[in-house]
Structure formats: C-alpha cells, structure tokens
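Below: one structure, written as structure tokens.
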Amino acid sequence: MAVVSVTTGTVKPDRFEDFLEVMRKGKAITEKCGGRNVRLLSAVVAGEATGGMALISEADDFAALGAVTDKFMADPEGVALMSSMNTTDGSVTGGKSTIWVEVPL
C-alpha cells in the first residue's frame with residue numbers, strides 16, 4: 001500500500017525562482033531520507049487551486065513515511081529548510097500537508 005505525502009501552497013508573486021530553489025533542496029533532502037517519487041506539480045487551471053503547487057513524495061507504508069519524516073526533521077538542512085519557509089520572507093503563502101493512502105481497485 002503506497003502512502004503519499006502531499007504538501008500544497010501558493011507561490012508569492014515574483015518568487016517562483018526562489019520557490020524552485022527551495023523545492024529542489026527539499027527534494028534532495030527527502031530522497032536522502034528515503035522518500036520516493038518526489039515531484040512537484042502545478043495546478044494550471046483548477047478552480048480555486050489555480051496557481052497552487054504540490055510537492056509529493058511516496059513511501060511503502062505508514063512506518064516508512066514516519067521514518068522519512070523523522071530523518072528529515074533530524075537533518076539540520078531539513079529543519080533549516082522548513083524554518084525558512086515558515087516566515088514572511090518565505091516564497092509561499094500558506095501551506096497544507098496531507099497524507100493519502102493508495103486504495104487498491
């Protein structure tokens with residue numbers, strides 16, 4: 001059963017390149033910590049989500065996702081990255097993280 005972590009936010013005006021730099025760092029740290037299939041999606045035309053961005057990563061199960069999260073939050077670069085985004089100088093407005101679970105069909 002795949003477990004997918006999705007973090008969404010909206011890039012501040014004129015901050016797209018700054019945002020991409022932060023996301024590239026986040027991807028590298030997440031992969032180093034064991035996250036798989038890390039990718040960034042953009043909502044092009046999707047109602048109220050238009051202009052939104054979603055950083056997605058996968059793990060095999062909840063235990064694996066917990067291990068990735070623990071490693072990320074124990075990594076000084078991971079903590080610095082998270083701290084830098086949660087400021088008025090950060091490149092995104094707001095943000096929301098959700099966890100999705102694959103439902104076999």
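Since every read-out is calculated from the coordinates, none of them should be taken as a lab result. The shown structure was predicted, so the numbers you read here are calculated from the model rather than taken from an experiment. All Cβ positions, glycine included, derive from the backbone under ideal geometry; neighbour counts span all protein chains shown.
Can you check what the net charge comes to around Met1, using other residues whose Cβ is under 15 Å from the Cβ of Met1 (Lys, Arg +1; Asp, Glu -1)?
That works out to -3.
Please list, in order along the stretch 8-22, the HN-Hα scalar couplings obtained from phi with the Karplus expression 6.51 cos²θ - 1.76 cosθ + 1.60 (θ = phi - 60°), rounded to whole Hz, x for Gly and Pro.
Coupling constants for the stretch 8-22: 10, x, 10, 6, 5, x, 6, 10, 4, 5, 4, 4, 4, 4, 5 Hz.
Report the full-extension gain for the segment Arg36 to Asp61: residue separation times 0.36 nm, less the Cα-Cα distance, to one decimal in nm.
7.8 nm
Ser84: net charge of surrounding residues, Cβ under 11 Å, Lys/Arg +1, Asp/Glu -1, itself excluded?
-3
Per DSSP H run of n ≥ 4, the term is -39500 (n - 2.57); total these for the chain, divide by its residue number, and report the mean residue ellipticity at 222 nm rounded to 500 deg cm²/dmol.
Calculated from helices alone, the mean residue ellipticity at 222 nm is -12000 deg cm²/dmol.
Given a 10 angstrom Cα cut-off, can you work out which residue in Leu55, Leu65, Leu41 is the most mobile in a GNM of the chain?
It is Leu41.
Compare Ser83, Ser42, Ser91 in a GNM of the chain, Cα atoms joined below 10 Å, and give the one with the largest fluctuation.
Its mean-square fluctuation being the largest, the pick is Ser83.
Which GluC sites (Glu not before Pro) in the stretch 18-105 pass both tests, a DSSP loop state and at most 14 other beta-carbon atoms within 10 Å?
Answer in residue order: Glu102.
Here are some values of P(r) over Cα pairs in 5 Å bins from 0, in percent: (i) 2, 14, 25, 23, 17, 10, 6, 3, 1, 0; (ii) 2, 12, 18, 21, 16, 12, 8, 6, 4, 1, 0; (iii) 2, 12, 21, 25, 19, 12, 6, 1, 0. Which one was computed from this structure?
The value matching this structure is (iii).
Mind putting a number on the dipole of the chain about its Cα centre? Charges go on the C-beta only, +1 for Lys and Arg and -1 for Asp and Glu, and I need it in Debye to the nearest 20.
Charge dipole of the chain: 80 debye, to the nearest 20.
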